[in-house]
Structure formats: structure tokens, C-alpha cells
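Below is one structure, written out as C-alpha cells; the observations come after it.
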Amino acid sequence: MKIRSMELRNYRNYEALSLSLNEDINVFLGQNAQGKTNVLEAVYYSALARSHRTSVDGELIRWEEPKGFLSLVFERIGVENTLEFHFERGKRRRIMYNGQPIRTKELIGAINVVLFSPEDLFLIKGAPAGRRRFLDMEISQADPAYFHDLAVYTRVITQRNTLLKRIREHQAQRSMLDLWDEQLAPLAARIVKKRQKAVGLLNEIADRMQRKISGEREELSLVYELHGMEEGAVTEELSSWYNQRLRESQEKDIMRGATGVGPHRDDLAFFVNGMDLRSYGSQGQQRTGALALKLSELAFFKEETGEYPVLLLDDVMSELDRGRREKLLDFIREEHIQTLITATDEAYFPEKEFGHIYHVKAGTVEAG
């Protein structure tokens, strides 16, 4: 997976940008608020049809301009493709893939990316929603069917929650829940099975990465925590288990107006040498675990798709100590992973033969 070139017109603070990318490492240097992250955001958006910084497409369009444009030329398994996004204020965006219009669900999986930002260093000790989002974004890129199941599941949960509130207010019959529960149970089972499979693979890879980064001093293990498991092990087929749990929790769900059972409540746990990393790990151990997880994400895509994804490192170098920076950069170079890095200081990188350097200032990018 390689991105060959990028074109931006009236995107964020770029009036016009045409950029050819090195197939290995590309470093974007500049002070804050100059447009470095906007370049990485454009690549991320191209993979997932969403920004990691905003949920409003109109914010991607340059200030006071009516339209914006983003285009990537990329190579996958030796085949070159073109992807375009057309933005217009007050209208739905248009996506073109090799000249043909496509929908979002047809885009997912065309380009695979892994984003590593300072916020990811808090992935382990942060809220469960962040860890679920991590799993969902990763699996969706490797398995578009998962993305579809997740979208349907989210829609059904929203509709069920609306019904729960209506039942609580005596505006609907409790028996109507059965219809939604029959849809939720198999969806929940499919989502969880794919998450468990992904965590199983990540567990093996992340442990290898943790050992490497820690000098063989630490073993890392990942455990998928099924919400409700604490009340008894799953001894039956997962879909049937969800059916039973949904029926048993109906009274509580009606009282709180929200569905309390399902993959939207699950979590991912981390253990180093048998110790709960979230509760008892030092900040250094948690950062090493987060780095190992991100490196394992790269290897996961290689296992699932046959190619490494594009790696996006957004201002993360300043947050890592020298040892972790060196481990990260060594892995990138050894595996020849195309990488886009933003930074404010060139001193974070080796002096010779490291990659292609770009200087970013006020919405302009200059090579060298």
C-alpha cells in the first residue's frame, strides 16, 4: 500500500497543494498551526471517509470558500487507483473512485491507514469507548462486512433506546422490544466474534512488540472483556446468550432508557507480566504498551491484507522518549512502511538517510 500523490484545493488552510510522496518516510516539519496535521488528516479521511478531528465535513473546506477538493493516487497490490472527494457547503460530499461515484460503505477497505497521535498514548488508561473505537476502525478497514454490521447495529441500538424511553413514558408496549432484540442478538454475536478474533491475533503480535521495546523484560497480553461475563461464563451459542441477556435486562433497560447489554459496552484489557496495566502500570509501561499496540496494528493489517497500511504519526515524536522513538523508527525502516510524520523539530530524527523532508508554513509545503 503506497500513496503516490495528493492534491488539495480549498482544503483546511490549503488553497492549492500538489504533493508527490516518497514511498518510504515523509517528514513534515513546521511550527504549530501551519497545516502539517491537515496533510495527515486528508490521508486518514480518504481511508475512512471521516476526519479524526471533526465530524462536520464543512469544516474541511477552506475559510469562506464554497467548495473543497481532496484527491489521492495510491497503489495497492501493484494496481494504481485514484480517489476523489468533492465538498460543497450545505450539500452532501461526493466520492469518486477511479472516476466512478461510490458510497461510503464501498470505500472502506480501499486504503488502509494506521494513525498514531499523542491521544493514543492514553488509549490504555482512557475510557472504554476509545478502546472500542480502536478495534472498530482497525477491523472495519480489513473487513468491510464488519463495518456494515457495526453501522446496522448502531442504528438498531439507537432505535431500541428510543423505544425504551417510550415504554418508560407509557407510550409504547413492552412486547415491541422482542422485535428489536431478535435483530440485535445475531448482530452483536457477529461483531463480538470478529473482535475476539482480531484481539487474538493482536495479542500475539503486541506481545512480540512489547518484548522488543522493553528489551525482553515485559510480556504483554490483551483480553477482550465481554460485558456481562462477570455474571457467568457463556456456555451457549453467543447469539442465544445475547437473546437471553437482553430479555433479562429489559426491566433495567426501560428504567434507564438505554440498552445495557451488547458490544457497545465491552472493553479491552491489558496485562504486563500478569499485572493490570490500566490500574497498576507506570506511565512508562502504559506508553510502551500503547506503542506496542500501534505496531501490532501495522502487523495485523499485513496479516489480513498482505500489505502494510500507510502509517500516520501526528506529532507523536515529542511525546516519546529517545528509546521508544528509536524503536519505532527502526521498525518503520526495517519493514519499509510508507509513513507520514509531523514534527516541530528535526532533531527527533537521524541525521542521515532517513527520509524525505518537507517544510510546512502557512498552508504551503516545500521539499528539502
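The values are calculated or read from the model by the stated rules, or taken from the named source; none is laboratory data. This is a predicted model, so every value here is computed, not measured. Glycine gets a Cβ as well: all are built from the backbone with ideal geometry, and neighbour counts include every protein chain shown. Quick note on the areas: whole protein, heavy atoms, side chains included, nothing else; ligands and nucleic acids left out. Shrake-Rupley method; radii C 1.70, N 1.55, O 1.52, S 1.80 Å.
For this structure, a couple of remarks:
- Candidate residues Tyr308, Tyr280, Tyr348, Tyr146: accessible-area rank, largest first, probe 1.4 Å: Tyr280, Tyr348, Tyr308, Tyr146
- Per residue, the solvent-accessible area of region 296-368 (1.4 Å probe, heavy atoms of protein chains only, all protein chains present) comes to 48 Å².
- Residue-count net charge about Thr162 - beta-carbon cut-off 15 Å; Lys, Arg +1, Asp, Glu -1: +4
- Adding -39500 (n - 2.57) for every DSSP H run of four residues or longer, then dividing by how many residues the chain holds, sets the calculated 222 nm ellipticity at -13500 deg cm²/dmol.
- Region 31-58 and region 300-368: distance between their alpha carbon centers, rounded to Å: 17
- For region 146-229, the per residue solvent-accessible surface stands at 52 Å², with DNA, RNA and ligands left out and a 1.4 Å probe.
- For region 85-193, with all protein chains in place and a probe radius of 1.4 Å, 53% of the accessible heavy-atom surface sits on carbon or sulfur.
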